[in-house]
Amino acid sequence: MVPTTQSSFSEILTDLVAPNAPNLKPEVAQWMLSLGFSESRRDRMLELAELNNRGELTASLREEMDNYRRIGNLVSLLQAKARLSLQQTTQAN
């Protein structure tokens with residue numbers, strides 16, 4: 001059934017990833033936990049945050065910052081699912 005109210009990007013992503021369903025194989029979960037931004041990407045995010053705090057963010061830079069936020073949210077959801085999957089695997093053994 002399709003929701004009758006407008007869903008946010010985050011709600012759709014959470015529904016898709018299902019972070020509370022611990023059904024990943026341990027190898028996949030470990031890989032997901034290893035995901036992370038490179039140092040240069042983290043530096044760029046800090047730069048964008050500083051520009052934003054100073055009110056100097058252009059529309060294109062705001063879009064770039066939003067892209068980092070969306071990817072960060074995706075990684076967070078995947079890693080939450082990975083941690084639960086590993087926890088369930090450990091408890092089953």
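Think of the stretch 7-93 as having a plus end and a minus end, set by charges on the Cβ of Lys, Arg, Asp and Glu; of Thr90, Leu33, Ile71, Thr90 sits farthest toward the positive end of this dipole.
For Arg44, neighbours were defined as the other residues whose beta-carbon sits under 12 Å from its Cβ, and their charges (Lys and Arg +1, Asp and Glu -1) total -3.
For the chain, the 222 nm mean residue ellipticity estimated from helices alone, with every DSSP H stretch of n ≥ 4 adding -39500 (n - 2.57) and the total spread over all residues, rounds to -24000 deg cm²/dmol. Label-to-label distance, Ala21 versus Phe37, with points set 7 angstrom from Cα along the beta-carbon direction: 2.9 nm.
Extents of the chain, taken as max minus min of Cα coordinates on every principal axis and listed largest first, are 53, 41, 15 Å. So, with +1 on the Cβ of K and R and -1 on the Cβ of D and E, and no other charges, what is the size of the charge dipole of the stretch 1-71 about its Cα centre, to the nearest 20 debye? Around 120 debye, computed over the stretch 1-71. Working from Cα pairs under 8 Å separated by at least six residues, relative contact order for the chain is 55 percent. Using DSSP to call loops (not H, G, I, E or B), can you name the trypsin sites (Lys or Arg not before Pro) in the stretch 1-86 whose Cβ has at most 13 other Cβ atoms within 10 angstrom? Here the trypsin sites (Lys or Arg not before Pro) that fit, given the DSSP loop and packing criteria, are Arg54. Scaling the Cα radius of gyration of the stretch 1-44 by the globular reference 2.2 N^0.38 Å produces a ratio of 1.64.
Every number here is computed from the coordinates shown, using simple stated rules; none is lab data. The model shown is predicted, which means the values in this text are computed figures rather than measured ones. Positions of Cβ are backbone-derived with ideal geometry, glycine not excepted, and every protein chain shown enters the neighbour counts.
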